[in-house]
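Working notes for the structure below.
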């Protein structure tokens, strides 16, 4: 798997970024990219920049490795049983999410001590790589939705073959393009605080559009078979 | 690209389902190929030709627009 090294690179890159941010703030007492200190950060920034280049290169490598054997993609998906588990997570998470949207996101605070790579309290200090107390109701709803969505969207169908794999890929393309067209529209025509809502929903729309579109196309194909009873 | 799978199937007396099982794909795939909605991979084309015992060119035919 060529994807694993790039994920590790990405993780290291993020850790280095926040470690340096923490170091500058706590040890030197400087704000990140403070105007006074813009020039002395370059020796620090350049290695990060190059390490990031490395991430992009390994992502490209992963893409081309997969691209060359794209017809094998359907073998890299999760087994079919995960689809049912995915629905069992996705549907409650969706209902929970809708309840949260209707009732407001801070109606049922569920405060827990969590590990934060980076976090800021409201009117409080910031944390990096420490445990902090935070309201995790929305985190829980979002995380469950994403996990469920991934399981539903990227598990094999019962009869997964090259045609269904092709439908899956084209649905994914369709979802990304549609999502960004809608996002562009909202970006241009929505201003002020409501734009935060656009960003909130946009976290999930690619997955939603993909799952809806893929299942619709599958349904249409099954219907085409049912209509053609006399072989 | 057009194909003569439907005709060949009729000659051999195979249903879509039976052909699908012989080349180990879903019935949707055979249906989509017959309806010219999907161009099969080379592997699948060769498998189909093998089932009908004919060269690939007799089953899958290039069109002018290809």
Report the FRET efficiency, 1/(1 + (r/R0)^6), for residue B:11 and residue B:66, where r is their Cβ-Cβ distance and R0 is 22 Å, rounded to 0.05.
0.30
Could you run the Debye sum over the Cα atoms of chain B, one equal point scatterer each and no solvent, and tell me log10 of I(q)/I(0) at q = 0.16 Å⁻¹, two decimals?
-0.45
Between region A:72-118 and chain B, what's the alpha-carbon centroid distance in Å?
42
At 0.36 nm per residue, minus the direct Cα-Cα distance, what do residue A:116 and residue A:189 gain on full extension? Give it in nm, one decimal, please.
22.8 nm
Cβ neighbours within 10 Å from other chains - mean over B:20-33:
5
Just grab the label-to-label distance for residue A:202 and residue A:82, each label 7 Å out from Cα along the Cβ direction, in nm (one decimal).
2.8
Can you figure out the FRET efficiency of residue B:4 with residue A:102, using R₀ = 45 Å and their beta-carbon distance, to the nearest 0.05?
0.20
Taking each residue in A:147-160, count the Cβ atoms of any other chain within 10 Å of its Cβ, then average. What number comes out?
1
Can you tell me which of B:32, B:20, B:49 moves the most in a GNM of chain B? Springs connect C-alpha atoms under 10 Å apart.
B:32
To test your reading of the geometry: what angle, between 0 and 90 degrees and rounded to tens, separates the Cα axis of helix B:42-52 from the longest principal axis of chain B?
60
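Over all residues in A:219-225, what is the mean tally of Cβ atoms on other chains that come within 10 Å of each residue's Cβ?
That average works out to 4.
Coordinate-derived values only; no laboratory data. As the structure is a computational prediction, the values presented were derived from the model and not from experiment. Positions of Cβ are generated from backbone atoms using ideal geometry, with glycine treated the same way; all protein chains shown enter the neighbour counts.
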